[in-house]
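Q: Okay, handing you the structure first.
A short reminder: the numbers here are calculations on the coordinates, not readings from a lab. The shown structure was predicted, so the numbers you read here are calculated from the model rather than taken from an experiment. Here the Cβ positions follow ideal geometry from the backbone for every residue, glycine too, while neighbour counts run over all protein chains shown.
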Amino acid sequence: MSKPPLQHEAALTDRSILTGSAYSSGQDLSARQNLYQWQTPRYDLPGLVSDLLKDVRGTVVDIGCGNGKFVRRLKSDRPDLRVIGTDISAGILAEVPPPVAVADAAHLPMTDASVNAALVLHMLYHVKDIPTAIRELGRVLTGDGIVIASTNSERDKAELDQLWERAAGDVLGTDRGPSRISLSSRFSLEKAPGLLGAVFSDVQVISLPGTITVTDPAPVIAHMKSYRAWADQHAVPFDETIQRARSLAASAIQQDGHFEISCLGGLILCRR
């Protein structure tokens, strides 16, 4: 994947976008999460995280917890843990079981060495200064604590990128339109170990490859529409491109019987 345009990088960390539209509620995040219902193999990510924390006791903080999917699972699986959800968006925290706190990942409201495990799941790419946020993880973590991060590969869902570029090209009357914004680009599965390794000596990557297969364009289009908060970054009429993508996906399904998307995400385990 080529380096994302600078305006894309800036938009990914724009607090007004993140709190005002992208994550003002859990609607768009849920649309992105729901696409994985059609993935094979289907991973139970909250369950995997819960299993990785089986030896942890004490306090777990889910930083950038979003709609609270992982918080709810941990509270169910591990009632013995003190689970805290934080996010910069007060709006999305309304859906998360307490205790919660509005907090920036680069300035956590925790004392030194007070957290036994920290989760940073599909969120570090939204932090303006990623190295500072990683140092902050190291500050709040106990000496034997664990950090679990997650993100996607630079090769993840390439078919959706191609679908967008073809649809945008059709709308603009060109062979290929501009690329859509990539959420994982600043903290991809390829970049994450190096960034986290600046603070943590033990960094392990668990790759989670899969294939999403749909026979209806609806979940694909819902996923694409969930990027509306960054519509002005796409240099193409957003709604027209979405409608053209729907038509192209429907045609592919009619021809092939399905539409396939190759996925590659992963979990990264970090210890001192």
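Q: Apply 1/(1 + (r/R0)^6) to the Cβ-Cβ distance of SER25 and ASP175, taking R0 = 25 Å, and write down the FRET efficiency to the nearest 0.05.
A: Working: r = 37 Å, r/R0 = 1.49.
The calculated FRET efficiency here is 0.10.
Q: Taking the beta-carbon count within 10 Å as an exposure proxy, list HIS8, HIS258 from fewest neighbours to most.
A: Numbers: HIS8 19, HIS258 13.
Going from least to most buried by this count: HIS258, HIS8.
Q: Quickly estimate the mean residue ellipticity at 222 nm for the chain, helices only: each DSSP H run with n ≥ 4 gives -39500 (n - 2.57), and the total goes over all residues, rounded to 500.
A: Details: 10 runs with 94 residues, N = 272.
It lands at -10000 deg cm²/dmol.
Q: Right, something else. Roughly how tilted is helix 158-172, in degrees to the nearest 10 and between 0 and 90, from the longest Cα axis of the chain?
A: It is inclined by approximately 40 degrees.
Q: Treating cross-link reach as a plain straight distance, find the aspartates and glutamates whose alpha-carbon is under 17 Å from the alpha-carbon of LYS54, omitting any fewer than eight places away in the same chain.
A: Partners found: ASP44, ASP62, ASP77, ASP80, ASP144.
Q: So what J values fall out for the stretch 207-220 if you push phi through Karplus, 6.51 cos²θ - 1.76 cosθ + 1.60 with θ = phi - 60°, rounded to Hz, Gly and Pro as x?
A: Result, ordered by residue: 7, 10, x, x, 10, 8, 10, 10, 10, 9, x, 3, x, 5 Hz.
Q: List THR213, THR111 from most exposed to least, where exposure is judged by having the fewest other Cβ atoms within 10 Å. Show your work: numbers first, answer last.
A: Values: THR213 13, THR111 9.
The fewest-first ordering by Cβ neighbours comes to THR111, THR213.
Q: Taking the Cα centre of the chain as origin and charging only Cβ (+1 Lys, Arg; -1 Asp, Glu), how large is the dipole, in debye to the nearest 20?
A: 420 debye
Q: To the nearest 10 degrees, how steep is helix 130-140 against the longest Cα principal axis of the chain, on a 0 to 90 scale?
A: The answer is roughly 30 degrees.
Q: Rounding to the nearest 20 debye, state how big the charge dipole of the stretch 2-161 is about its Cα centre with +1 on each Lys and Arg Cβ and -1 on each Asp and Glu Cβ. Intermediate results must be reported in sequence, preceding the final value.
A: Numbers: 17 positive and 20 negative charges, 49 e Å.
It works out to roughly 240 debye.
Q: Expressed as a whole number of Å, what is the distance separating the alpha-carbon centroids of the stretch 228-244 and the stretch 253-272?
A: Using only Cα atoms to place each centre, the spacing works out to 23 Å.
Q: I've got another one for you. At what distance in nm do the modelled label points of SER16 and ASP44 sit from each other, each positioned 7 Å from its Cα along Cα→Cβ?
A: Simple spin-label model gives 4.4 nm for this pair.
Q: State the answer as a single residue: which of ILE221, GLY210, LEU160 lies farthest towards the positive end of the charge dipole of the stretch 136-230, with beta carbon charges of +1 for Lys and Arg and -1 for Asp and Glu, about the Cα centre.
A: ILE221
Q: For the stretch 94-128 and the stretch 1-70, compute the distance between their C-alpha centroids and round to whole Å.
A: A separation of 12 Å, based on Cα centres.
Q: Normalise the Cα radius of gyration of the chain by 2.2 N^0.38 Å (N = residues in it) and let me know the number. Please list the in-between numbers first.
A: Working: Rg = 18.8 Å, N = 272, 2.2 N^0.38 = 18.5 Å.
Rounded to two decimals, the normalised Rg is 1.01.
Q: Moving to a separate point now. Hey, which lysines would be in cross-link range of LYS191, C-alpha to C-alpha under 23 Å, not counting anything within fewer than 8 residues on its own chain?
A: LYS3, LYS128, LYS157
Q: Follow-up question, since we're still on this one. Please report the orientation-averaged projected area of the stretch 24-88, defined via the convex hull of its C-alpha atoms, in nm². Mind showing how you got there, number by number?
A: Values: hull surface 19.3 nm².
That works out to 4.8 nm², a quarter of the Cα hull's surface.
Q: Hey, another quick one. Across every pair of different alpha-carbon atoms, what Kirkwood hydrodynamic radius in Å does the stretch 125-272 reach? Working shown, then result.
A: On the way: mean 1/r = 0.0585 Å⁻¹.
About 17.1 Å for the stretch 125-272.
Q: Could I ask something else about it? With 10 angstrom as the radius, rank PHE238, PHE70 by how many other C-beta atoms surround their C-beta, starting from the fewest.
A: Details: PHE238 19, PHE70 23.
Neighbour counts put them in this order, fewest first: PHE238, PHE70.
Q: When DSSP beta bridges are limited to those with both residues in the chain, what percentage is antiparallel, rounded to the nearest 5? It would help to have the intermediate numbers written out before the result.
A: Numbers: 22 of 39 bridges.
Approximately 55 percent, going by the DSSP bridge assignments.
Q: Specify which residue in the list PRO193, ALA103, PRO237 is farthest towards the positive end of the charge dipole of the chain, using unit charges on the beta carbon of Lys, Arg (+1) and Asp, Glu (-1), about the Cα centre.
A: Result: ALA103.
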